[in-house]
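Written out below as structure tokens is the structure these notes cover.
None of the figures in this text is laboratory data; all of them are computed from the coordinates on show. From a predicted model like this one, the values you see are computed outputs, not experimental measurements. Here the Cβ positions follow ideal geometry from the backbone for every residue, glycine too, while neighbour counts run over all protein chains shown.
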Amino acid sequence: MAERIRLEEFGKQLASLDRSLRLLAEEEDAEKRLSFRSAVVADFQLAFELCWKACQELAKFEETVVRKPKESVTFLKETGLIQSTDLFEAMIDSRNRSTHIYGQDMVDSMLPYIKEDFAQLLHEIHYALLRRYSEKRA
């Protein structure tokens, strides 16, 4: 199923984000840290895109229309897959800023949120989507 493939790609991208975060935390060389910082942001951006696209596919499977990321927030809340929309909305805003304004200041402001909040939320959503698909198939 196409929606399952999207969800699998989302999971793989989360693993890549986790790896980039780990490498950044472990690296002591300043030059390499700059590369890993950029990798974390790029991995976050792609994980975010796959997250909302996986939500879109699940919504379609459940005969609901989700056309953009903010609609995926509503879908996740209405289906009980997330409790609060605040962090997801902050994640959307950060992703939008990172796409249109790129510089070290943007990276500096985003990294703590990616490390401390967004990566965990993406994992929670991935798990919730996996659980929801399992329920629908049962």
**OP:** Springs between alpha-carbon atoms under 10 Å, Gaussian network over the chain: tell me which of Asp43, Asp117, Asp86 tops the mean-square fluctuations.
**Re:** Asp86
Original post:
If you stretched the chain out fully between Asp18 and Ala30, how much longer would it get, using 0.36 nm times the residue separation minus the C-alpha to C-alpha distance?
Top reply: 2.3 nm
Subject >> Along the chain, longest interval not containing exposed GluC sites (Glu not before Pro), exposed being DSSP loop plus at most 11 other Cβ atoms within 10 Å >> reply: 64-138
Original post:
Which residue fluctuates the most in the chain, going by a Gaussian network model with Cα springs under 10 Å, if the choices are Phe88, Phe118, Phe36?
Top reply: Phe36
**OP:** Once you have the Cα-Cα distance between Ile5 and Asn96, take 0.36 nm times their residue separation minus that, and quote the gain in nm to one decimal.
**Re:** 30.3 nm
Subject >> DSSP H segments from the chain that extend 24 Å or more along their own axis, Cα-based, with Kyte-Doolittle mean of 0.0 or above >> reply: 30-61
**OP:** List the pair-distance distribution P(r) of the chain, using every Cα-Cα distance, as the percent of pairs falling in each 10 Å bin from 0 up to the bin containing the longest distance, rounded to whole percents.
**Re:** 12, 43, 31, 12, 2, 0
Subject >> Extension gain from Lys68 to Asp108, taking 0.36 nm per residue of separation minus the Cα-Cα distance >> reply: 11.7 nm
Original post:
For the chain, modelled as a GNM with alpha-carbon contacts under 10 angstrom, which of Val41, Val65, Val73 fluctuates the most?
Top reply: Val65
**OP:** Sequence neighbours fewer than 8 away in the same chain don't count; with that in mind, list the lysines whose C-alpha is under 25 Å from Lys53.
**Re:** Lys12, Lys68, Lys70, Lys77, Lys115, Lys136
**OP:** Just need the relative contact order of the chain here, percent rounded to a whole number, with Cα pairs under 8 Å and 6+ apart.
**Re:** 31
